[in-house]
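As structure tokens, the structure follows; a few thoughts come after it.
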Amino acid sequence: GLCTALATAGPFAYAYLRRQAEERLLKEQHRYRRTLERAARGMTQVRNVTRLANLMTRIVSSSVRISHASLFLWDKAAERYLLRSSHGPKRLALQSRYGLEKSHPLVRWLQEHRKVLTGEEILESQDATISQEMKNVGAELAIPGVIEHRLVGFLVLGSKLSGGGYSTDDLHAFATLANEAAIAVENASSYEELIKVNEQLKSAAERLLFQERLAAAGQ
């Protein structure tokens, strides 16, 4: 009788526990998606590229709870995409100034397809260089940030600490965040360039005024 009762109750108990686990998982996903949405709206107010990069990777790594979130941005001087920020238990070392050129297969794939690179996409590309590069940085996803068909940078994400996978909704949320981040980075870069130009003009004006004062003193 006990075995019969357990056999009868077992499927119902399993269904109940499974439903509870799914509801908890969905609640967790909704929580960090709301966090990412708020972060995307707030990033446009940051006017410093380094601060912006650190803010983005810190929020993503802590809210989604992943091994690391790392951001690569285009650097005009180095003429490559450099690692600007990385956060998480297995974050990448910034001291190496790790970067990828425009001709790298991973960069070319992100520039051409302008969508999230997943494990399935890597298999379909059949490019061993892309697969190896993703392993080098410990990434499961690569999310491009694009403005007018130009790849401003890309975000690479490690695995979830919970061991779970990334859902389709996750990919949409990350793609939106990356594009908002690209706009914010572009605005911050333009602002920093304007500040430098303003300082240069100010310095030039001060030098001219100083020279005029020297000439007046000499007279």
| Matching residues in the range 66-79 - criterion: being under 20 Å from Phe174 (Cα atoms), open to solvent by less than 60 Å² (accessible area, probe 1.4 Å) and of a type outside the set (Gly, Ala, Ser) | Ile66, His68, Leu71, Phe72, Leu73
| query | Condition test on Arg41, is it in a helix (DSSP H, G or I), open to solvent by 20 Å² or more (accessible area, probe 1.4 Å), of a type in the set (Lys, Arg) and under 27 Å from Glu101 (Cβ atoms)? | reply | no
| List pairs: first in the range 119-143 and more than 18 Å from Ser159 (Cβ to Cβ), second part of a loop (DSSP other than H, G, I, E, B) and at pLDDT 90 or above, Cβ under 8 Å, 6+ apart or cross-chain? | Thr129/His104
| request: Considering each residue of the range 80-91, count those that are assigned to a loop (DSSP other than H, G, I, E, B) and surrounded by 22 or more Cβ atoms within 10 Å (Cβ to Cβ), and give that number. | output: 1
| Got a sec? Which of Leu177, Leu171, Leu194 is open to solvent by 30 Å² or more (accessible area, probe 1.4 Å) and in contact (Cβ under 8 Å) with a residue 24 or more places away in the chain? | Leu171
| Flag if Ser63 is among the hydroxyl-bearing types (Ser, Thr, Tyr), part of a helix (DSSP H, G or I), within 30 Å of Ala184 (Cβ to Cβ) and modelled with pLDDT of 75 or more | yes
| query | Looking only at the range 92-109, which residues are open to solvent by 80 Å² or more (accessible area, probe 1.4 Å) and either in contact with a Lys or Arg (Cβ under 8 Å, 6 or more places away or on another chain) or assigned to a strand (DSSP E or B) (or both)? | reply | Glu101, Lys102, Arg108
| message | I need the full set of residues from the range 136-151 which are assigned to a strand (DSSP E or B) and surrounded by fewer than 17 Cβ atoms within 10 Å (Cβ to Cβ), in order please. | response | Ile147, Arg150
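The values are calculated or read from the model by the stated rules, or taken from the named source; none is laboratory data. Not measured: the values here are computed from a predicted model. Don't worry about glycine lacking a Cβ; one is built from the backbone with ideal geometry, like all the others, and counts go over all protein chains shown. Note: accessible area is taken over every heavy atom of the protein model, side chains too, but ligands, DNA and RNA are not part of it. Shrake-Rupley method; radii C 1.70, N 1.55, O 1.52, S 1.80 Å.
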